[in-house]
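Following this message is one structure expressed as structure tokens.
The values are calculated or read from the model by the stated rules, or taken from the named source; none is laboratory data. Just so you know, these numbers come straight off a predicted model, no measurement behind them. So basically every Cβ, Gly included, is an ideal-geometry build from the backbone, and we count neighbours across all protein chains shown. Calculation scope for accessible area: heavy atoms of the full protein, side chains included, ligands and nucleic acids excluded. Shrake-Rupley method; radii C 1.70, N 1.55, O 1.52, S 1.80 Å.
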Amino acid sequence: MEYSTNHPNQRVNWRVDEFCHAHGIGRTFFYDEVKKGEIKPIKIGRRTLVPAIEAKAWQDRKAEASQ
């Protein structure tokens, strides 16, 4: 599935708490994944965001690793 910003309801970025809640993980696990380079967030000012395309890539990598 390819992400596009054309649809008004299409998520572009996830805040950390939203990402964790939506993916069923805790903040500690999230930051462990960041430290390992598994999740590549971006910083905008003081906010840490996960681009939707990076969220999808992370999901795909985890799904591939679990097979």
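Look through the range 49-67, keep the residues that are more than 16 Å from Ala22 (Cα to Cα) and open to solvent by 90 Å² or more (accessible area, probe 1.4 Å), and return whichever of them is farthest from the chain's Cα centre (by Cα).
Gln67
Name the pairs whose Cβ atoms lie under 9 Å apart, with the first residue in the range 21-48 and under 20 Å from Arg61 (Cβ atoms), the second open to solvent by 70 Å² or more (accessible area, probe 1.4 Å) and part of a loop (DSSP other than H, G, I, E, B), and 6 or more positions between them or separate chains?
Listed pairs, sorted by first residue: Val34/Lys40.
Within the range 30-48, can you find the residues that are more than 8 Å from the chain's Cα centre (by Cα) and surrounded by 13 or more Cβ atoms within 10 Å (Cβ to Cβ)?
Within the range 30-48, the first condition is being more than 8 Å from the chain's Cα centre (by Cα), and the residues that meet it are 30-38, 42-48.
Those that are more than 8 Å from the chain's Cα centre (by Cα) and surrounded by 13 or more Cβ atoms within 10 Å (Cβ to Cβ): Phe30, Tyr31, Asp32, Glu33, Val34, Glu38, Thr48.
So how many residues does the range 5-24 have that are modelled with pLDDT under 95 and among the hydrophobic types (A, V, I, L, M, F, W, C)?
2
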